[in-house]
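**Student:** Questions regarding the structure given below will be posed in turn.
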Amino acid sequence: MRALGPLLLGAAAIALSGTAHAGEIEGRLTGPDGKPLAGARVLVDDLQRGAISQADGSFRIAQLPAGPVRITVTSAGLASETRTIEVPLQGNATSTLELRPNDLIRRAAALNVEPAPEHLAQKAAYLRGVKPLRGKQPNILLILFDDLGAGDLSSYGNRLIKTPNVDAIAARGLKFDQFYSSSPVCTPSRAALLTGRYPTRAHAANHVYMPTGTPTATLRASRGWANALPRDEILLPEVLQRAGYRTGAFGKWHLGDIPGHRPTDFGFQDYFGLLYSNDMNPTNVWRGNEIVTPAAQMDQATINERIADEAIGFLDRNAARPFFAYVPFSAPHRPHVANPRHKDISAGGTYGDVVEDLDSQVGRIMAKLHELKLDDDTIVIVTSDNGGDFDGSVGNLRGRKTETFEGGMRVPAIVVWPGRTSPGSTSAEMAMNIDILPTLLSSLGITLPRDRIIDGADMAPILSGGQSLHDRLFYVSTWSGQYEAVRDRAFKFRDPVTDGTLISPPRGGAARTALYSLVDDNEAHDVSARHRDERAKLQAQLEAFRAEAGRNVRGWQEHAASANGN
């Protein structure tokens with residue numbers, strides 16, 4: 001790489017199109033391969049403003065005073081560069097910069113390894129104790145949307161997006177008004193859903209896992225963050241497989257991509273889908289442990305139709321035996337690409353097209369259940385991995401995906417449980433996706449693992465019209481993976497933590513500590529002054545839980561480590 005000296009002028013400069021104004025810096029960035037570098041941050045340090053490089057690597061910073069100006073250029077996976085540029089009294093200064101590989105982050109990443117499993121023997125002992133169930137057992141269909149907001153379904157009040165198939169499921173069962181994901185982003189939420197435990201216990205609470213070998217995965221490693229689910233976590237499909245269920249997952253995994261951490265390593269006998277979000281490269285489509293559609297051939301418009309196809313085939317093949325079908329669709333996560341069958345149809349625009357297509361795929365799956373005469377023999381659960389992103393709707397809630405306000409973690413949830421739920425019923429009781437595992441296992445008579453804390457609670461009372469077994473629920477932050485809020489039946493105390501990482505976005509006014517009334521308000525007003533005792537109580541509960549989680553990160557119960565089995 002050529003040395004980065006002072007300002008390059010004259011023949012060495014790259015002039016950009018357009019009229020230059022006094023006090024401008026213009027330039028172009030390239031990566032180590034000599035290709036244009038897009039998306040890099042060019043910051044004038046002392047002014048705290050700058051620019052983002054465009055697709056051709058160009059950048060422009062206007063309205064700068066004459067004299068020496070120091071800029072810093074950063075891009076994920078590359079070494080940052082700092083240069084002092086002399087801005088002329090008139091005209092523009094131009095510069096080219098070539099960023100080098102980030103050796104420091106690579107060396108920092110090499111200091112850390114994936115956390116070693118601690119309870120493999122206890123896990124094995126527990127699973128050995130789970131025996132095939134006798135008699136007829138209910139099938140289980142768990143449908144998970146990606147970033148579907150609390151107000152995205154017509155059954156939850158959306159006036160632009162029509163979701164008749166999901167609405168029909170709600171009409172047959174119980175609709176939750178206060179159901180939560182266990183994180184405002186997907187990896188932690190999915191880990192918690194399948195383990196019944198808060199995501200910190202699985203080293204899964206720091207944002208989301210990244211494809212192995214990418215700069216963002218290296219960045220995670222440099223901070224000592226795990227990038228795959230620990231092998232000693234016990235997942236719902238592992239238990240159900242031991243109990244005699246055929247298990248299949250069709251859609252987005254996002255809990256690890258290296259051998260030993262893929263869906264088939266955690267109890268799913270059949271798998272088809274994406275190991276990561278649909279905006280993460282490579283977007284290869286997998287069947288089992290093989291790539292069946294390379295990223296270059298993956299069609300964003302039809303991937304969820306293919307996911308539904310695979311789920312339908314699984315139902316067909318296993319109609320005569322109990323099955324667990326987990327269908328985590330990859331949408332409406334961005335990018336939003338409408339299926340040609342549903343393009344330009346929704347009054348909700350392209351986002352609405354995507355959601356309405358998802359609804360049609362759900363309808364196809366439910367039609368297959370009906371065709372196989374399995375309606376009365378199948379538990380159906382429909383929910384979302386976290387709150388809505390900025391293109392979706394969170395209803396009248398405050399906040400969105402990545403935030404611990406209600407809009408980031410309160411999600412749609414519908415349960416049809418033949419013999420338990422009443423058609424068209426609604427519950428305002430609080431529940432969380434960590435409750436799904438203990439609810440299902442308890443209903444099947446399978447004892448929960450005793451060597452670890454299971455944070456979820458049995459939802460059976462709620463399903464029958466009663467109260468939640470939870471006295472409180474905790475909210476975990478996106479980046480730091482720390483607990484920053486707690487709610488009880490009426491109030492929520494939020495005490496935002498300092499993330500302590502440069503990759504987390506600034507929080508601004510959202511960083512204020514406050515007590516909110518969830519009964520009368522949408523987190524608009526801090527009611528601490530009026531409810532001092534309630535604030536003190538919840539604050540003490542949050543601080544105690546933080547301390548416990550810090551002392552016992554994995555949530556082991558050593559006194560019961562040898563007491564596994566049923």
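The values are calculated or read from the model by the stated rules, or taken from the named source; none is laboratory data. Note that the structure is a prediction, hence the values are computed from the model and not measured. Ideal geometry is used to build each Cβ from the backbone, glycine not excepted, and the neighbour counts take in all protein chains shown. The area values use the complete protein model at the heavy-atom level, side chains included, leaving out ligands, DNA and RNA. Shrake-Rupley method; radii C 1.70, N 1.55, O 1.52, S 1.80 Å.
**Student:** Which of the residues spanning region 83-98 are more than 29 Å from ALA108 (Cβ to Cβ), open to solvent by less than 80 Å² (accessible area, probe 1.4 Å) and of a type outside the set (Ser, Thr, Tyr)?
**Tutor:** Result: ILE85, VAL87, PRO88, GLY91, ASN92, ALA93.
**Student:** Residue check, SER80 against (1) closer than 30 Å to ARG231 by Cα; (2) modelled with pLDDT of 90 or more; (3) open to solvent by 10 Å² or more (accessible area, probe 1.4 Å), all met but one. Which one?
**Tutor:** (1) is the only condition that SER80 fails.
**Student:** Search region 148-174 for residues being open to solvent by less than 20 Å² (accessible area, probe 1.4 Å) and in contact with a Gly (Cβ under 6 Å, 6 or more places away or on another chain), and hand back the single one that is nearest to THR421 (Cα to Cα).
**Tutor:** ALA150
**Student:** Are any residues in region 508-524 open to solvent by 80 Å² or more (accessible area, probe 1.4 Å) and within 18 Å of ARG410 (Cβ to Cβ), and if so, which ones?
**Tutor:** VAL519, ASP520
**Student:** Here's something else I'd like to know. Between residues in region 266-287 that are at positive phi and residues that are open to solvent by 10 Å² or more (accessible area, probe 1.4 Å) and not in a strand (DSSP E or B), which pairs lie under 6 Å by C-beta distance while being six or more apart or on different chains?
**Tutor:** So the pair list comes out as GLY267/GLU238; GLY267/GLN241.
**Student:** Given the criteria at pLDDT below 95 and polar (S, T, N, Q), does THR195 qualify?
**Tutor:** When the stated conditions are applied, THR195 does not pass them.
**Student:** Could you list all residues from region 467-498 that are among the small types (Gly, Ala, Ser), in a loop (DSSP other than H, G, I, E, B) and closer than 19 Å to ILE434 by Cα?
**Tutor:** Correct list: SER468, SER477, GLY481.
**Student:** Here's something else I'd like to know. How many residues does region 303-313 hold that are farther than 17 Å from LEU144 by Cα and buried (at least 21 other Cβ atoms within 10 Å of the Cβ)?
**Tutor:** The total comes to 0.
**Student:** More than 19 Å from ASP167 (Cβ to Cβ) and surrounded by 24 or more Cβ atoms within 10 Å (Cβ to Cβ): which single residue out of ASP391, ASP385, ASP344, ASP376 fits that description?
**Tutor:** ASP385
**Student:** Is it true that SER75 is more than 30 Å from ARG246 (Cβ to Cβ) and either in contact with a Gly (Cβ under 6 Å, 6 or more places away or on another chain) or open to solvent by 40 Å² or more (accessible area, probe 1.4 Å) (or both)?
**Tutor:** No; evaluated as a whole, the condition is false for this residue.
**Student:** Could you go through region 88-108 and let me know if any residue there is more than 30 Å from GLY392 (Cβ to Cβ), part of a strand (DSSP E or B), of a type in the set (Val, Ile, Thr) and out of contact with any His (no Cβ under 8 Å at 6 or more places or on another chain).
**Tutor:** Yes; the residues of region 88-108 include at least one that is more than 30 Å from GLY392 (Cβ to Cβ), part of a strand (DSSP E or B), of a type in the set (Val, Ile, Thr) and out of contact with any His (no Cβ under 8 Å at 6 or more places or on another chain).
**Student:** Might you let me know whether region 398-413 holds any residue that is open to solvent by 30 Å² or more (accessible area, probe 1.4 Å) and farther than 28 Å from ARG472 by Cβ?
**Tutor:** Within region 398-413, not a single residue is open to solvent by 30 Å² or more (accessible area, probe 1.4 Å) and farther than 28 Å from ARG472 by Cβ.
**Student:** Could you identify the single residue in LYS175, LYS162 that is within 27 Å of PHE314 (Cα to Cα), more than 17 Å from the chain's Cα centre (by Cα) and of a type outside the set (Asp, Glu)?
**Tutor:** Step by step, each of LYS175, LYS162 is checked, and only LYS175 is within 27 Å of PHE314 (Cα to Cα), more than 17 Å from the chain's Cα centre (by Cα) and of a type outside the set (Asp, Glu).
**Student:** When residues of region 49-72 are filtered for being in a loop (DSSP other than H, G, I, E, B), surrounded by fewer than 20 Cβ atoms within 10 Å (Cβ to Cβ) and touching a Pro at 6+ places or on another chain (Cβ under 9 Å), how many remain?
**Tutor:** Number satisfying all stated conditions: 4.
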